[in-house]
1. Which of the chymotrypsin sites (Phe, Trp or Tyr not before Pro) found in region 38-93 are in a DSSP loop and have at most 11 neighbouring Cβ atoms, other than their own, within 10 Å?
2. Quick check on region 139-204: take the gyration tensor over C-alpha atoms, sort the square-rooted eigenvalues as a ≥ b ≥ c, and tell me if it's rounded (a/c under 1.5), prolate or oblate.
3. Report relative contact order for region 61-168 in percent, whole number only (criteria: Cα-Cα under 8 Å, sequence separation at least 6).
4. What accessible area per residue, rounded to a whole number of Å², is obtained for region 69-341 using a probe radius of 1.4 Å?
5. Taking a ≥ b ≥ c as the square roots of the eigenvalues of the Cα gyration tensor of the chain, is the shape rounded (a/c under 1.5), prolate (a/b larger than b/c) or oblate?
6. How high is the FRET efficiency from TYR83 to GLU217, r the C-beta distance, R0 35 Å, rounded to 0.05?
7. Over the C-alpha atoms of region 69-341, what are the Rg and the largest Cα-to-Cα span, Dmax, in Å?
8. Express the relative contact order of the chain as a whole percentage, based on alpha carbon pairs under 8 Å and six or more residues apart in sequence.
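The values are calculated or read from the model by the stated rules, or taken from the named source; none is laboratory data. Keep in mind the model is a prediction, meaning the values are calculated, not measured. Neighbour counts run over all protein chains shown; Cβ positions are idealised from the backbone, glycine included. Just so you know, the surface numbers come from the protein's heavy atoms only, side chains and all, with ligands and any DNA or RNA stripped out. Shrake-Rupley method; radii C 1.70, N 1.55, O 1.52, S 1.80 Å.
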Amino acid sequence: MTEIDTATLQRLDAAHHLHPFNDNAALAKRGTRILTRGEGCYVWDAEGNQLLDAFAGLWCVNIGYGRRELGEAASRQMTQLAYYNSFFQCTTEPTVRLSAKLAELTPHDLNHAFFTNSGSEANDTILRLVRHFWAVQDQPEKNIFIGRHDGYHGSTVAGASLGGMKGMHKQGGLPIPGIVHIDPPYWFGDGGDMDEEAYGRHCAKRLEDKILELGPERVAAFIGEPVMGAIGVYIPPRNYWQEIERICRKYDVLLVADEVITGFGRTGEWFASQTFDFRPDVMTLAKGITSGYIPLGAVMFNDRVADVLSGRGGELAHGYTYSGHPVCAAVALENIRILQEEHIVETCRNNIGPYLGEKWKALAGHPLVGEARFLGMVGALELVPSKPSRTYFPDRGRVGQLCRDFALQNGLILRATNDAMLLSPPLVISRSQVDELAEKTWKALDMTAHALGMAQG
Ligand SMILES: *Cc1c(COP(=O)(O)O)cnc(C)c1O
């Protein structure tokens, strides 16, 4: 392969490649950053800049970059049997082994896996199969899904509808019928003077109110991210999910935990439903399932749902050509082997997570930071014009973007949503890398404050 210079790649990219979630005209003017290599917690771009990736790609590179074992697992499987489907009463060994492994890893009786290529497809699958679950039990009118405003459940038609991103709903005429939303727990913007417990109960009651308004006989399921990621790492009150579960049980509404971000160690346990101690009936998985090395999503169903789907549910009229792709399954198994054998989740919970949390929360001392949120290995800084008030900058998003660009200049990748800086590093980050991350974040905050004519830290 001949080398192509960066300018040529940028020109071709601008001419031929529509980027997701981007203003493509602005991007073409600025020129795409082209990433060329990754190792551990670092990536390198075509200019040769070394960047500490405090966002794990897109919440997904949990075991870090450059693990050859995953490439070798893919290569072995491709050589032996590159593809076979799971239709027509067939399957492959890695697919079977992965479903058994996921049944073992996920809590309580989430014992049944359906495979997809992505988190979005997994949520589309849930919409159809949960409605089918009620329909074959002679309750076809029990078909409404309740999601949350500002939630993110993917970009397909059902995924974006289940999510509550207004900007997404505007494009393409969403949400589709039968999906409604309630307000999420977001203490910084909405908590007022309530303490954590009162606020948790207050937010969960929104679900009960909505169920009663619609009629429990019409509500199929509630879906939520245990920690809301894309909107800005909203960490709910401790009691929120247990209250949500109690309400779902009371009205026989299925509880769906979208653990696409929170699964595979992100909150310091294998799954956030363990961190918050609740029992979902259905769970969405993707991202960390392969640490992003290859596309894969899965839906985990509990025994009750699976018994109905595989009993009187009849033939499942749903599936993807690549459902249970053997290469993806082999890579997922290798990823999970590494997470388990290297005790990565336990190390996050007991050692590196608390250390990262201490450093991250100390950033709340910066004049620009109104709140530092943190749980397990995920967090956010809410940037504010003045402390201690919980206020926002006018023209939301501009200051976050500024801070993101300064971080990049310092060799650090953080994501900005509105004016919150989001943190989700590879789970294998070391103490010295945490120190580097904290230092570079403080410096980016200083540069942002300086650019705004505010006091520096
Ligand atoms: C990323 C994400 C999805 C969508 O997954 P894709 O693989 O991008 O389709 C769904 N839910 C949550 C919570 C996510 O963060």
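1. Details: sites: TYR42, TRP44, PHE55, TRP59, TYR65, TYR83, TYR84, PHE87, PHE88; in loops: PHE55, TYR83, TYR84, PHE87, PHE88.
Filter output for region 38-93: PHE88.
2. Details: a/c = 3.51, a/b = 1.66, b/c = 2.11.
Oblate, since a/c reaches 1.5 and b/c is not below a/b.
3. On the way: 81 pairs, mean separation 16.6, N = 108.
Computed over region 61-168, the figure is 15 percent.
4. Numbers: 10550 Å² over 273 residues.
Accessible area per residue: 39 Å².
5. Values: a/c = 1.63, a/b = 1.18, b/c = 1.38.
Oblate shape, in that a/c is at least 1.5 and b/c is the bigger or equal ratio.
6. The formula returns an efficiency of 0.20 here.
7. 18.4, 61
8. 19 percent
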